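Data first, discussion second: the structure below is written as structure tokens.
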Ligand code: ADP
Ligand code: MG
């Protein structure tokens, strides 16, 4: 496809004043902020020299808020008001999340997921805004003034609702978002892959609670995300849980028998063991019930199923992108959990291409975002003229007659993108048309996610099929969708920006993708059936109208024959044999040929006041 120029929201470069541009990695476990100094991206640290800010927020009854490490320390004493991992709730509703393992007081409400706290009801957007505010504060102190703009990273699979929620959080924190950037693309920029050879790259991101794989193509100065995939419930934390299980098994205890605070204590201990094993062959730690030992070999054996799982996902994403392993130019490691030596080993032996891992895997995403922010604020050097392209995670389409989905933009299309398709009216004299925008891979609307509805009113009353309505889908560089409809004869138009109905998670995306594949052949049959049913109904409407107006042109026998064929079709259309419906449509069409010719002949002869049609030949 043609490469699309991304408009740059920053103002033109001012040689006298350098702008404070930052990149923010708003992570599930940790968040970071980075900036570019003398052409080099670096993460900014807090007063204690730490660059990682735990994405943790505590609400107090006096309406004050704490963010970061101190919150983690209070989690066991104040579990209801200390929030972590809220990135998983971004853009979701009450019904979309798994509440069973959380201690929080979720409120059963429509719309955005809301959780009660000592300071009143809060959303993931509020919590993310606290983290962003804290990072912005850090940048302000370090850079000596307010930041002028930020690039915030999001997982490549984030949908419209999740992206919008991220932007809302930034707005709430008073941060100007230059654009959202996909995390894997940011990592590739941090490694300067834009300065090197063209080719295909794989980004393997194993964080605390999530695993993401993306395939990027870099060509002619452009990054393109070819495919993404992952597992939203797989990360470093799962490795910790397996360690705890193994320890408890040795002690004859089970995880379920522990109180929440004990469980928490064991998990912290396991995490420490895991992290130390990245540097040491074995560790001994002081646990709640005495000394706990672990060596690297047994750790790797216990957790091998998790590592294997990531490799399965990785192969699937490569398949999705139609990329052979041999074609990869390199792989990039992102996320704290890729420090585990077995990750590096497994990737080296599977991929056989260079593995980029010399930058800190916690920091690469923020660094890439900072480089991009710098560019967008016009502080570029001559060589920095890359563009960025990302993909949409699920197909976008529109509902057509019979509850079918017409896909306008297929999934994994690079953004920004604009696509149009023409539709027409179904009934004679129709003056309004309802549009239903949906997202998903299935053929039937009922299996897809509803994004928005809008109406085109004031159409000129034309015969069915005469109106020409062009529907345009546009996805901007941040992955947000606007849809418009224009009737080409009259210029009547309507549009909507998909203010996403909050509430689709990455599990849901994965499920919808899987269902799309699993049900493909069934869907095709259903689609064929629905199409024939719609055609049958259209035909019956036309025949009924013609009979009502002009049945006097026919003999009684002819009328009867048409009625029989119509009734036959009407009864078959209620059943599910699309071949039979098609045959009945043909039969009715055949039966009415003569009637149609008579009507035409009469219309023409009326227009020509008495001259016979065959005189005109
Ligand atoms: P997220 O992107 O979800 O915010 P991070 O990229 O910060 O997560 O990764 C956090 C995970 O990385 C945690 O599970 C943590 O235990 C793990 N981790 C951090 N350092 C190491 C290390 N040295 N060895 C192994 N795992 C580590
Ligand atoms: Mg991360």
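See the values below:
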read-out: Two-site label geometry, residue 348 and residue 596: point separation in nm, points 7 Å out along Cα→Cβ; value: 7.2 nm
read-out: Stretchable slack from residue 446 to residue 548, in nm (0.36 nm times residue separation minus alpha-carbon distance); value: 33.2 nm
read-out: Rounded to whole Å, sorted largest first: equivalent-ellipsoid semi-axes of the stretch 171-214, Cα gyration tensor; value: 24, 17, 7
read-out: Ranking of 224, 300 by count of other Cβ atoms within 10 Å, fewest first; value: 300, 224
read-out: Length gained when the stretch residue 406-residue 64 is fully extended (0.36 nm per residue, less Cα-Cα span); value: 118.2 nm
read-out: Pairwise Cα inverse-distance average, inverted: Kirkwood Rh of the stretch 274-354 (Å); value: 14.5 Å
read-out: Kirkwood-Stokes translational diffusion coefficient of the stretch 130-173, alpha-carbon pairs, 10 °C, 1.306 mPa s, µm²/s; value: 138 µm²/s
read-out: Cα-based Rg / Dmax (Å) for the stretch 209-271; value: 18.6, 60
read-out: Separation in nanometres of the label points that stand 7 Å from Cα toward Cβ, at residue 360 and residue 289; value: 3.7 nm
read-out: Distance in nm between pseudo-label sites at residue 304 and residue 580 (7 Å out along the Cβ direction from Cα); value: 5.6 nm
read-out: Relative contact order (%) - the chain, alpha-carbon pairs under 8 angstrom, separation at least six; value: 14 percent
read-out: Percent of C-alpha pairs per 5 Å bin, the stretch 387-498, short to long; value: 2, 12, 23, 23, 18, 12, 6, 3, 1, 0
read-out: Between the stretch 426-499 and the stretch 29-50, the Cα center-to-center distance that results, in Å; value: 45 Å
read-out: FRET efficiency for residue 45 and residue 250, using Cβ-Cβ distance with R0 set to 45 Å, rounded to 0.05; value: 0.70
read-out: Residue 476-residue 172 FRET efficiency (beta carbon distance; Förster radius 30 Å; 0.05 resolution); value: 0.90
read-out: Percent of Cα pairs exceeding the 17 Å cut-off, where the set is the stretch 319-362; value: 34 percent
read-out: Antiparallel DSSP beta bridges within the stretch 253-375, as percent of all bridges there, nearest 5; value: 75 percent
read-out: Residue order, fewest to most beta carbons within 10 Å, for 205, 146, 62; value: 62, 146, 205
read-out: Fewest-first ranking of 339, 453, using other Cβ atoms within 10 Å as the exposure measure; value: 453, 339
read-out: Cα extents of the stretch 130-276 along the three principal axes, largest first (Å); value: 59, 39, 31
read-out: Per principal axis, descending, Cα span of the chain in whole Å; value: 104, 68, 57
read-out: For the stretch 265-319: span of alpha carbons on each principal axis (Å, largest first); value: 47, 22, 16
read-out: FRET efficiency, residue 319 to residue 561 (Cβ-Cβ, R0 35 Å, nearest 0.05); value: 0.05
read-out: Equivalent ellipsoid semi-axes - Cα gyration tensor, the stretch 20-72, angstrom; value: 26, 11, 10
read-out: Rounded to 5, the percent of DSSP beta bridges in the chain classed as antiparallel; value: 80 percent
read-out: Cα-based Rg of the stretch 62-102 normalised by 2.2 N^0.38 Å, two decimals; value: 1.33
read-out: Rg to Rh quotient for the stretch 240-294, alpha carbon positions, Kirkwood Rh; value: 0.95
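Each value in this text was obtained by applying a stated rule to the coordinates, not by laboratory testing. On a predicted model such as this, the values are computed, not experimentally measured, just so you know. Here Cβ is always computed from backbone atoms with ideal geometry, including for glycine, and neighbour counts include all displayed protein chains.
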